[in-house]
1. Please enumerate the residues belonging to the range 139-165 that are farther than 25 Å from Arg6 by Cα and outside any loop (DSSP other than H, G, I, E, B).
2. Condition check: in contact with a Pro (Cβ under 8 Å, 6 or more places away or on another chain) and either at negative phi or modelled with pLDDT of 95 or more (or both). Does Cys310 satisfy that?
3. Please count how many residues of the range 27-55 are open to solvent by less than 70 Å² (accessible area, probe 1.4 Å) and either away from the ligand (no atom under 16 Å from the Cβ) or in a loop (DSSP other than H, G, I, E, B) (or both).
4. May I ask you to verify whether Ser312 is farther than 30 Å from Ala23 by Cα, in the same structural domain as Pro169 (by the TED database) and in contact (Cβ under 8 Å) with a residue 12 or more places away in the chain?
5. Could you look through the range 306-333, keep only residues that are touching a strand residue (DSSP E or B) at 6+ places or on another chain (Cβ under 7 Å), open to solvent by 10 Å² or more (accessible area, probe 1.4 Å) and of a type in the set (A, V, I, L, M), and pick out the one that is nearest to the ligand (Cβ to nearest atom)?
6. Just the residues that are more than 25 Å from Leu433 (Cα to Cα), open to solvent by 10 Å² or more (accessible area, probe 1.4 Å) and part of a strand (DSSP E or B), please, taken from the range 269-290.
7. Looking at the range 222-237 only, could you name the residues that are out of contact with any Leu (no Cβ under 8 Å at 6 or more places or on another chain), within 16 Å of the ligand (Cβ to nearest atom) and touching a residue at least 40 places away in the same chain (Cβ under 8 Å)?
8. Pairs, please: C-beta under 7 Å, at least 6 apart or cross-chain, first residue in contact (Cβ under 8 Å) with a residue 40 or more places away in the chain and in the range 95-109, second assigned to a strand (DSSP E or B) and away from the ligand (no atom under 14 Å from the Cβ)?
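The values are calculated or read from the model by the stated rules, or taken from the named source; none is laboratory data. The structure displayed is predicted, hence computed values, not measured ones. Neighbour counts run over all protein chains shown; Cβ positions are idealised from the backbone, glycine included. Heads up: the accessible areas ignore ligands, DNA and RNA and are worked out on the full protein's heavy atoms, side chains in. Shrake-Rupley method; radii C 1.70, N 1.55, O 1.52, S 1.80 Å.
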Amino acid sequence: MTTWTRDARYTPLTAATLARYEALCAEAETSPWRQHYHIQPPAGLLNDPNGFSYWQGAYHLFYQWFPLGPVHGLKYWRHLSSTNLVHYTDHGTGIAPDSDWDSHGAYSGSAIADGDELLIAYTGNHREADWTRIPYQLTAHLDTHNHLRKDEPFLKGAPGGYTEHVRDPKIWREADGSYGIILGAQRADLSGTALYLTSKDARDWQLHGEIDTAQPAFGYMWECPDYFPLDDHDILTYCPQGLPADGDNCRNLYQSGYLIGHFDKTACRFTHDGFRELDHGFDYYAPQSSLGANGERLLIAWMGLPDTICPSARDGWAHCLTLPRVLTVENGQLRQRPHPNLTQLRDSGTHDGVHYELILDNPDNQPFILTLRASAREKTVLTYNGEAVILDRSQSGALPEPEKDAPGKGGHIRRLALRDLRRLQLYSDTSSLEIFLNDGEATMTAALYPAPDATDLHLAAADSVQITTYPLHKA
Ligand code: FRU
């Protein structure tokens, strides 16, 4: 067993022998919880999706990665590309923490197509000898030969009035060719906020200040903000840390949610009608959007949470990314549907009780109980009782557990009030469930760690409730 001392966590990949790294990958491959069609690390820990973009006819997707163990340590970006968001080519390390600016981690950031280069904006996490953190915001350029060039940081250290927690730039291009960035930050009074920056050339950046959301004390830090226009609305997604539990809401250790409204960039003000969670399950954090090949807005998140122990850490790896979702606003409401290309995963024949897509049609709005991944000892239960959907993974097998206690948080049952449920679509993989309710009206995501024999699927409902299943093959 490795003891995760600071030195062990900050060991670069270049200091590990190839044999050690290959042994870690081989150990991860023996894990009974390896996913079949989700992006997962070959070894070590995956967290936020980064640099999600469409460039030169392909999607590019990176993720935060500590290669040498299932813990948060020296972060790299690992790089994948895909033409369909179903099958990916793995390009290995995308950004290595090999400069003074990112000496303690190439932290989260984003990317956009910029002619024959991919323009990346990310946070270099640097620590001094006394462990004081200095965040650097920098751009980098990836060329078509996979060569990366880092620029001098455009924002060195935290601006006045903010702590060392300034990170996760999300870059976009305006119609007039100029650029914008939204950046997560913590004020000196330890409340969270997001900063807005603009640039004409993506070299000189002007900090306009905070985006005023009229939420003066809404969590202690906002991580991984994103902004995009969508169907005549503006959306701001972010992960405000430190929100209290509130009934069925905000029950996870950390939240990921959005505002829908209007971003007045001149006044630096975002008007909206309140924060909503993006997902009503257990494991959903740091979502990042990208424009798709046809101008649609896509969203991918980390299926995990900070400060949480993941059962697969036993096998030397932790976490995966969610499936890609397509976002729309319909009747003023955000909808999240699974990417249509995911039908390419469907096989014919019968499924193995683990890897499948399930569609439940409920034309009469009947109650039902859907029991998944069940054996004599384990089960995961999704209940609709006419008033709410309840997802219970308390008996699903090994469980992710928060490393911290927070009042009202945690537990393994989530409830979403809903009085009309006509359709449900779910994706089951070896160690996850992603549930889409009413054609993308709401979603519930759960990491699960059942034993391999937990393969029963059972529906208790009136005859009018029908399910169709498709086996899904390895991507
Ligand atoms: C969110 C986060 C980001 C940071 C990254 C480091 O999960 O804490 O704020 O950039 O992870 O891995």
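1. Selection gives Thr139, Ala140, His141, Leu142, Asp143, Leu148, Arg149, Lys150, Leu155, Tyr162.
2. The answer is yes for Cys310.
3. Going through the range 27-55 one residue at a time, the tally reaches 16.
4. It is false that Ser312 is farther than 30 Å from Ala23 by Cα, in the same structural domain as Pro169 (by the TED database) and in contact (Cβ under 8 Å) with a residue 12 or more places away in the chain.
5. Ile309
6. Arg269, Thr271, His272
7. Across the range 222-237, the qualifying residues are Glu223, Cys224.
8. As it stands, the answer is Ile95/Ala140; Ile95/Leu148; Ser99/Lys150, since those pairs meet every condition given.
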